[in-house]
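Notes for the one structure printed next.
The values are calculated or read from the model by the stated rules, or taken from the named source; none is laboratory data. Since this is a predicted model, take the numbers as computed values, not measurements. Here the Cβ is made from the backbone with ideal geometry for all residues, glycine too, and neighbour counts use every protein chain on show. These area figures cover heavy atoms from the full protein model, side chains too; ligands, DNA and RNA do not enter into them. Shrake-Rupley method; radii C 1.70, N 1.55, O 1.52, S 1.80 Å.
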Amino acid sequence: MEQTTQEKLNTAVNPSEDLILKVTDLNIAFHDHSLPETVVVDVDLQVKEGDMIGIVGESGSGKTMTALAINGLLNRHDIQKKGEILYKGINLLTCSRTKLRQVQGNDISMIFQEPMTSLDPVQRIGKQVEEPLRLHEKLTEEEYKARAVEALGLVELPDPEEIYNRYPHELSGGQRQRVMIAAAMICKPRILIADEPTTALDVTIQEQIVKLLKKLNQTEKTAILFISHDLSLVRKLCPKVAVMKDGYVVETGETEAIFRNPQHPYTKELIAAIPEIGVKQYEKKSDEIIVSARDLNSYYPARNGKLFGKKKKVHILKDVSFDLYKGEILGLVGESGCGKSTLSKVLLGMVKDIDGSFTNQDLHPQMVFQDPYGSLNPGKKIGWILQEPLKNFTNLAENIREEKAVTMLQKVGLSAELMDRYPNQLSGGQRQRVCIAAALMAEPGFLIADEPVSALDVHIQEQVLTLLKELHDQIGVSILFISHDLRVVYRVCDRVMIMKEGRIVESGITDEVFLHPKEEYTRELLRTSGFLGKNIV
Amino acid sequence: MNLTYVLKKLISLLFTLLLTAFLVFLAFSVIPGDPVTTMLGTQATPEKVAALREELGLDRPFLVRFVSWLGTFVDGTFGNSYSYHVTVRSMLAGKLPITLTMTVMAFLMILAISIPLGIYLARNSGGRTDRIMTVVNQTIMAFPPFFSGILLTLLFGLVLHLFTPGGYVSYTRSIPGFLGYLILPAVAIALPKAAMATNYLKASVLKEMKMDYVRTAYSRGNTTKGVLYGHVLRNAIIPVITFLGMTFTDMIAGSIIIEQVFSIPGIGRLLISSIANRDYPVVEAIVVLLAFFVIVTNFAIDIIYRLVDPRIRSAQEE
């Protein structure tokens, strides 16, 4: 735990040695069972002073494992590591624990995807921000506190003195991530590893955190390894990028060059998944209205904890009006907590405390949920799950039900063999296909898809969306498509509504809204999703 | 800690106590068995019975009796014993410290065993000691205190001659002798509970070690020890506090049997003899007292909870 600041200064003034981290032939494999499972293969990476490098790939591509290895967090016995991670001539994979700890949090620090759970829930913020400093530098109590408050100020938290005494649960997700960054920056590290730091946050907060990281990279000269699945975000932020797939770095270099001229098929696929706008052709499907809402308001009872206290109500939906025409896909976009899911519950009749009116022409509207893991009964076989809506709504004989289930399974691109499988034997993408199939079994006229692809990897997303679109074109079901992801919405929706704090602030034909947003809020959403600036400016 | 919260809590505590007292009193009014018959024998003349009923105030209506009984709690006498014609308070006075001392000793033993052992086993989870201790723990958990009490008496009394069975020493005579005699009964009570608390703590530490904040702590250059004592322990202890609270109240009530096994003249033995004599004022007073301890312990646990876990603090103060 000795002072290492002096050493850091020495290397900083030596310009000939601006390569600070060199990863060579990094291989990582688990061997919980008899067969080792390789997750990172022959990865090379070089980080220079003040670099901003993006590492892109979907989950399971090995990007997080690489990051954890660099930060020395892979020390369990069941992980095999080969190759070299050289920092200042020390191989972090083989050096002593004591040496490694001197680097951790001091020279190389890390922030994580889950700001909500990455802080100790029972310790004050100040103490947690100070911790790396206490571990690496010997200072007085006053100095620790002063440095912590300074760090909290650096990450632009309002009133750092006050935040210092708070607990994590009293802060929002964005604030917690700032606290994480403050703690990671307090020892003025040479390298900051940011593992999907904005994925769990709302778009507007994402933007702020990304700006903050950029600022820290420029003012503090801290090299940042930015790990993300979000290609357009990386393009905006990082001059250099490494694309990972199945444990390999498949392509690496200047970000712009790769975007302009991707070499590897996988990179091409990823870039192709980013939509161009202004290419959709809108045609009104029908004049028949399936679902219609007028001045819809909904309330949620809030408990105030007192036994005989007055009941309070929280106003969720505010004067929501819209029509859903037969055969169209209507997008509903907004950040989490804006009331999107509440609206779907209201339309399904699951919320009683409402005023205003809505009509629904369909007797049995169906729903597809975000989480394909939790929404299938784990104790039932796929065949049973698919037949359930038919049992509830029709009097069909068992052999006909089964026949229909098999047909539907094939329609969603799955083989009939899956009829006898249980949900846990299926992948996430397969499960979501099953969910869609189950929702379509009773041939509903109206389907609500609530973030149906948010839990899936980018290229599985693509497949599921293609499927949904094809099925929709075949069957002509009307879909209310709820998502926070504008790219997904652009792909599938004919018209979109933008929701903010329970109110629909803008709505219209998809291309109209995306090309000529009227509201500042819509603009902001588009900007953070990489739409503005790509096609317009 | 906020004062209105404590006040509110105290008021609801008082209500709970009052309700308990009412139910206890009601129960003893309706259960069959008449204290007068017990005192006079079945051959007594109706006149004699009626006279004694009047003397004891048993001829009055239920609610009147209940209120006057409550009055005895206010003046602190807890009423008069039917059998001994002294105040219940004077009967409890010498016994309560014995039972409480034994319970507190047992509780301290539970803490002294389970906290270090739980942490040790969690740190060495899956190792040889852990596997052996899992079996040992399971076995100990299955031992009811009266049984381990008998085994301990056998071992220390008849084999090792370190303990004189039935040789209770009053605390008025010798405090070390008194405490010395209580060690074995306290161990008997503590053993199964300590085994359970150890398992709880171990499981809780292992669960917390998988949390995201642990990874954060490691990424800052903490040693395993630093992570464990700096972060994990306080989080891990939270669910264990509930268990320890329940254990404490459980042990007070459970002392009845162990006092019998070791011939300790505490509350438990008094309760048993009073039930046999149908000395209802004494029984009622003890049951209310036990309820009082349970309620107070729960209150204390609640306060401790709030000190340890800031999330509960703000959730309730909203």
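For the reader, a short list of remarks on this structure follows.
- In this simple spin-label approximation, A:Lys313 and A:Glu512 carry label points 7 Å from Cα along the Cα→Cβ vector, and these lie 3.3 nm apart.
- Computed from backbone phi with θ = phi - 60° and the Karplus coefficients 6.51, -1.76 and 1.60, the 3J(HN,Hα) list for region A:382-389 is 4, x, 4, 4, 5, 7, 3, x Hz; x is used for glycine and proline.
- Stretchable slack from A:Thr199 to A:Thr407, in nm (0.36 nm times residue separation minus alpha-carbon distance): 71.2 nm
- Label-point separation in nm, A:Glu150 to B:Val30, each point 7 Å along Cα→Cβ: 7.3 nm
- Here the spin labels are modelled as points 7 Å beyond Cα on the Cα-Cβ line, and at B:Arg128 and A:Asn360 they lie 6.5 nm apart.
- Solvent-accessible area per residue for region A:50-207 (1.4 angstrom probe, square angstrom): 35 Å²
- Fully extending the segment from B:Ile272 to B:Ile304, taken as 0.36 nm per residue of separation minus the present Cα-Cα distance, adds 8.2 nm.
- Too-long pairs where the Cα-Cα distance tops 21 Å, listed order kept, from A:Lys345/A:Lys381; A:Lys318/A:Lys345; A:Lys138/A:Lys188: A:Lys345/A:Lys381
- Lys, Arg +1 and Asp, Glu -1 on Cβ, resulting dipole of the protein assembly as shown about Cα centre, debye, nearest 20: 2000 debye
- Paramagnetic reach from A:Glu398 (point 7 Å along Cα→Cβ, amide N under 18 Å) across region A:409-425: A:419-421
- Of A:Thr466, B:Thr172, B:Thr216, the order by accessible heavy-atom surface (1.4 Å probe, DNA, RNA and ligands excluded), from most exposed downward, is B:Thr172, A:Thr466, B:Thr216.
- In this assembly, the B-A interface accounts for approximately 2200 Å² of buried accessible surface in total, computed with a 1.4 Å probe and without ligands, DNA or RNA.
- Of the accessible area of the protein assembly as shown, computed with a 1.4 Å probe over protein heavy atoms only, carbon and sulfur atoms account for 57 percent.
- Ranking by accessible area, most exposed first, for A:Leu343, A:Leu396 with a 1.4 Å probe: A:Leu396, A:Leu343
- In sequence order, calculated HN-Hα J values of region B:140-156 (Karplus, 6.51, -1.76, 1.60; Hz; x Gly/Pro): 4, 4, 7, 7, x, x, 5, 6, 5, x, 5, 4, 5, 4, 4, 5, 7
- Every helix of 4 or more DSSP H residues in chain A counts as -39500 (n - 2.57), and over all residues that averages to -10500 deg cm²/dmol at 222 nm.
- With R₀ fixed at 45 Å, the C-beta to C-beta distance from A:Lys188 to A:Tyr282 puts the FRET efficiency at about 0.25.
- Across region B:130-135, rounded Karplus estimates of 3J(HN,Hα) from the backbone phi angles (6.51 cos²θ - 1.76 cosθ + 1.60, θ = phi - 60°) give 4, 5, 5, 5, 4, 5 Hz, Gly and Pro being marked x.
- Length gained when the stretch B:Thr38-B:Val104 is fully extended (0.36 nm per residue, less Cα-Cα span): 20.1 nm
- Computed from the C-beta positions of A:Glu470 and A:Arg294 and an R0 of 25 Å, the FRET efficiency is 0.15 to the nearest 0.05.
- Per the Cα gyration tensor, region B:98-265 maps to an equivalent ellipsoid with semi-axes of 36, 16, 13 Å, ordered largest to smallest.
- Solvent-accessible area of A:His484 with every protein chain in place, 1.4 Å probe, in Å² to the nearest 10: 90 Å²
- Reachable aspartates and glutamates from A:Lys240, criterion Cα separation under 12 angstrom, eight or more residues apart if same chain: A:Asp51, A:Glu251, A:Glu254, A:Glu256
- A helix-only calculation puts chain B at -24500 deg cm²/dmol for mean residue ellipticity at 222 nm, using -39500 (n - 2.57) for each DSSP H run of at least four residues, averaged over all residues.
- Label zone at B:Thr224, where the point sits 7 Å out along the Cα-to-Cβ direction: region B:121-138 residues whose backbone N lies under 20 Å: B:121-134
- Of all aspartates and glutamates in the structure, those lying under 16 Å Cα to Cα from A:Lys404, and not within fewer than 8 positions of it along the same chain, are A:Glu388, A:Glu417, A:Asp420, A:Glu443.
- Distant-in-sequence amide H partners of A:Lys245 (H built 1.01 Å from N, under 5 Å): A:Val250
- Placing a label point 7 Å from the Cα of A:Lys22 along the Cα-to-Cβ direction, the residues of region A:49-90 whose backbone N falls under 16 Å from that point are A:49, A:83-90.
- Computed over protein heavy atoms with a 1.4 Å probe, the accessible surface of chain B works out to 50 Å² per residue.
- 1.4 Å probe, heavy atoms, protein only - residues of region A:81-128 losing at least 50 Å² accessible area vs chain alone: A:Arg101, A:Phe112, A:Asp120, A:Pro121, A:Val122
- Normalised by the number of residues in chain B, the mean separation of alpha-carbon contacts (under 8 Å, six or more apart) gives a relative contact order of 26 percent.
- Cα convex hull of chain B, projected area averaged across orientations, nm²: 22.0 nm²
- Direction-averaged projected area, Cα convex hull, the protein assembly as shown: 49.5 nm², rounded to one decimal.
- Under the criterion of Cα pairs below 8 Å and six or more residues apart, the relative contact order for region B:98-265 equals 36 percent.
- Flagged links, alpha-carbon separation over 31 Å, of A:Lys145/B:Lys9; A:Lys284/A:Lys380; A:Lys22/A:Lys245; A:Lys145/A:Lys340: A:Lys145/B:Lys9; A:Lys284/A:Lys380; A:Lys145/A:Lys340
- Mean separation of Cα pairs under 8 Å and 6 or more residues apart, divided by the residue count, gives chain A a relative contact order of 14 percent.
- Options A:His229, A:Tyr373, A:Cys187, ranked by Cα towards positive dipole end of the protein assembly as shown, top entry (Cβ charges): A:Cys187
- Burial of accessible area (probe 1.4 Å, heavy atoms of protein chains only) in region B:206-233, relative to its chain alone, reaches at least 10 Å² for B:Asp212, B:Tyr213, B:Arg215, B:Thr216, B:Tyr218, B:Ser219, B:Arg220, B:Gly221, B:Asn222, B:Thr223, B:Gly230, B:His231.
- Cβ-Cβ FRET estimate between B:Leu7 and B:Ser174, R0 fixed at 30 Å, reported to 0.05: 0.10
- Sequence-distant aspartates and glutamates (8 or more away, or on other chains) whose Cα lies within less than 20 Å of A:Lys82: A:Asp25, A:Asp32, A:Glu37, A:Asp42, A:Asp44, A:Asp246
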